[in-house]
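Structure first, commentary second.
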Amino acid sequence: MIPKKVKENVMTAIAANHLKGNKCATLVGKRRADQILKGELSIETLKRTYNYLKRAKTYDNKDWSKCGTISYNLWGGDEMLKYCKLKLKK
Amino acid sequence: MTALQSIIKEAKAIRKKSPKMEWKKAVAQASAIYASKHKGKSPVGKKHAKKKVAKKKVGVIKKKAVKKTATKRAKRKPTEKAVLKSIKHAVSVQKAHMGKVSHHAIDRIKSAMSHLSHYEMAVKKYMAMPLKERKMHSTDIKKLRHLAKETKTHISQLKRSI
């Protein structure tokens with residue numbers, strides 16, 4: 001089960017991106033957001049999300065008007081990073 | 001409450017009514033509702049406006065007068081003399097710059113340019129041939145195109161080095 005906080009992060013990121021005219025994030029990020037909301041995550045995708053979030057943490061500055069924050073949170077944000085770490089350890 | 005917060009709140013309420021609805025659609029509906037509430041002004045694709053700082057009353061009139069004169073000056077067309085002067089200045093600057101550049105570098109660029117034109121001419125000749133013959137020389141054409149591309153990048157790098 002994906003944690004609620006992760007889903008909330010994704011939901012707010014989708015709304016913020018809608019406000020910006022859907023110009024932030026790549027197609028991959030948008031697809032990942034859909035997958036997280038539906039709960040369709042394989043181990044492979046978890047690995048990829050973990051790698052992305054680790055790399056993209058610098059883009060996140062908690063300002064929802066910035067594309068970096070939006071794209072980071074479309075992948076689940078900080079909570080998703082913790083969740084991925086735990087799952088991959090198991 | 002910001003636009004984002006109110007849209008999320010609205011979208012959550014919409015989703016409670018119909019839980020099977022996708023989040024994206026709910027957000028779109030919520031933003032439409034938000035726009036209707038705010039006199040049809042959609043928040044989508046708008047940049048945040050900067051806060052204006054109140055100006056002091058003292059000295060405002062003087063500033064306005066200065067601005068008016070500045071705009072009048074800007075609207076005036078430059079005279080022929082001024083244009084000629086600016087062109088002469090540009091030419092002299094260019095000459096001064098070219099004097100600093102070593103002849104060796106210029107020769108290198110010139111030779112690369114001649115090579116490039118040679119390759120391009122050869123490709124053009126091949127392309128003028130009928131299809132059957134062109135297919136026979138397809139490898140040559142590919143090589144020439146590759147060479148032309150490489151020389152172009154070489155020229156650009158040389159220019160940058162100057």
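The values are calculated or read from the model by the stated rules, or taken from the named source; none is laboratory data. Please read these numbers as outputs of a predicted model, since none were measured by experiment. Please note: Cβ atoms are built from the backbone with ideal geometry, for glycine as well, and neighbour counts cover all protein chains shown.
Kindly establish whether A:Arg55 is among the charged types (D, E, K, R), at pLDDT below 95 and either in contact with a Cys (Cβ under 7 Å, 6 or more places away or on another chain) or surrounded by 20 or more Cβ atoms within 10 Å (Cβ to Cβ) (or both). In short, no. Of everything in segment B:14-25 that is in a helix (DSSP H, G or I) and within 9 Å of chain A (Cβ to nearest Cβ), the residue that is farthest from A:Gly39 (Cα to Cα) is B:Lys24. When segment B:130-162 is filtered for residues that are among the acidic types (Asp, Glu) and in contact with a helix residue (DSSP H, G or I) (Cβ under 9 Å, 6 or more places away or on another chain), the ones remaining, listed by number, are B:Glu133, B:Asp140. When the residues of segment A:58-90 are filtered to those that are within 9 Å of the chain's Cα centre (by Cα) and at positive phi, the one that is surrounded by the fewest Cβ atoms within 10 Å (Cβ to Cβ) is A:Gly77. Say whether the condition of being under 32 Å from the mean Cα position of the chain (by Cα) and either assigned to a loop (DSSP other than H, G, I, E, B) or modelled with pLDDT of 65 or more (or both) is met by at least one residue in segment B:53-67. Yes, the conditions are met somewhere in segment B:53-67.
Scanning segment A:15-44 for residues being of a type in the set (Asp, Glu) and within 13 Å of the chain's Cα centre (by Cα) gives a total of 1.
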